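The values are calculated or read from the model by the stated rules, or taken from the named source; none is laboratory data. Since the model is a prediction, treat every value here as computed from it, not as a measurement. Every residue, glycine among them, receives a Cβ derived from its backbone with ideal geometry; neighbour counts consider all protein chains shown. What goes into the accessible areas is simple: the full protein's heavy atoms, side chains included, and nothing from ligands, DNA or RNA. Shrake-Rupley method; radii C 1.70, N 1.55, O 1.52, S 1.80 Å.
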Amino acid sequence: MIIETEFKGTKAIKFENANLTAIILPEIGGKVASLFSKRKDFEVIFQNKEDVYRKASLYDDFGEFDAAGFDDAFPAIVGGNVKVGDKVIQYPDHGEIWSGSFSYVIKANQAELYFESTILSYSYKKTISLKENGLLIKYEIVNRGTEMFPCIWAAHYLVNCEENMELLLPQGTEHVVNVSSSKFLGAEATVHSYPKTLSLDGEIYHLNKIYPESAKKCEKFYTFEQLNEGSCGIFYPHKDLTYRINFDKTQFPYIGFWVTEGGFRGDYNCALEPANGFYDSIDIAKKEGKVYLLESGAILDFSMEIEIF
């Protein structure tokens with residue numbers, strides 16, 4: 001079942017079947033605002049703490065708004081000036097999509113959402129359908145301009161945290177690289193063993209576990225090795241529930257993991273972030289030689305499959 005409705009003061013599309021309900025907000029960046037498991041009586045997605053959604057403008061600070069739900073980070077996560085052809089384009093904080101407004105069409109068992117960039121010549125389409133035990137989101141990004149442009153697409157999918165829930169990185173992940181200065185993990189670019197390492201004070205530190213909200217810290221790291229599989233997830237022990245993202249590992253060879261355990265605005269959430277660039281900003285990705293270039297006339301098409309079981 002798909003219906004048009006309202007959610008926290010904004011237009012919404014609601015999907016529902018016997019196992020799940022999902023809420024999509026076309027006017028708030030095409031955000032997936034809720035993914036609720038009926039079988040386990042559990043909301044997977046971190047929720048907007050306000051009663052209504054405030055509409056952001058193009059160059060607003062992502063952290064000043066809801067910072068909740070499943071957003072798409074494109075054409076980068078960290079904003080900044082980027083050379084495109086003979087012009088310098090300012091890429092917004094967390095990209096252009098989260099603050100955009102999508103038109104949409106509901107067709108049979110899916111919703112098609114459409115957006116046209118105002119800073120670059122690309123069109124952006126996402127097609128969402130509810131499966132028996134999850135969501136399938138298909139993306140199509142078309143460079144309609146005459147110049148290629150560098151871009152990072154990352155899944156900024158914020159989910160709820162609980163103490164001792166388990167991070168499920170791809171099999172074969174033995175190291176991660178810290179990409180944000182941390183009092184536990186040290187300086188940016190520090191490589192750590194996974195799933196456990198030593199903190200700066202020499203204590204065993206579990207990278208695959210979530211610490212309590214009272215820890216008041218934030219961290220972000222990326223997988224270091226080449227991915228053996230295009231799949232990552234989280235296990236919630238108190239509900240015996242697994243949340244998993246499946247994707248094409250050749251298109252998305254990097255996985256970022258962001259977590260705030262009370263350290264950012266008091267929020268308690270995390271995000272597994274499959275990405276096609278390493279890492280976050282175009283400048284860093286260029287320096288690393290790991291930036292994606294969307295050629296003139298080219299189509300970047302891919303899918304993210306979210307499973308709840």
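With Y243, Y254 as the choices, which residue is open to solvent by 20 Å² or more (accessible area, probe 1.4 Å) and either out of contact with any His (no Cβ under 8 Å at 6 or more places or on another chain) or among the acidic types (D, E) (or both)?
Selected residue: Y254, the only one of Y243, Y254 that is open to solvent by 20 Å² or more (accessible area, probe 1.4 Å) and either out of contact with any His (no Cβ under 8 Å at 6 or more places or on another chain) or among the acidic types (D, E) (or both).
Given the criteria part of a strand (DSSP E or B) and more than 18 Å from K131 (Cβ to Cβ), does I89 qualify?
yes
Just one of R265, R244 is within 13 Å of the chain's Cα centre (by Cα) and of a type in the set (K, R); which is it?
Testing whether each residue is within 13 Å of the chain's Cα centre (by Cα) and of a type in the set (K, R) leaves just R244.
If you go through the range 233-252, how many residues are within 21 Å of E174 (Cα to Cα) and outside any loop (DSSP other than H, G, I, E, B)?
Going through the range 233-252 one residue at a time, the tally reaches 6.
Might you let me know whether the range 64-79 holds any residue that is open to solvent by 60 Å² or more (accessible area, probe 1.4 Å) and more than 21 Å from N269 (Cα to Cα)?
No: zero hits.
Looking only at the range 264-306, how many residues end up being open to solvent by 60 Å² or more (accessible area, probe 1.4 Å) and assigned to a strand (DSSP E or B)?
5
Restricting attention to the range 197-210, which residues are open to solvent by 60 Å² or more (accessible area, probe 1.4 Å) and under 24 Å from the mean Cα position of the chain (by Cα)?
H206, K209
Restricting the first residue to the range 236-264 and requiring it to be closer than 22 Å to A67 by Cβ, which pairs with a second residue that is of a type in the set (K, R) and open to solvent by 60 Å² or more (accessible area, probe 1.4 Å) meet a Cβ separation below 6 Å and a spacing of at least six or different chains?
G262/K216; G263/K216
Are any residues in the range 224-240 under 15 Å from the mean Cα position of the chain (by Cα) and either open to solvent by 30 Å² or more (accessible area, probe 1.4 Å) or among the hydroxyl-bearing types (S, T, Y) (or both), and if so, which ones?
Listed by number, the list holds a single entry, S231.
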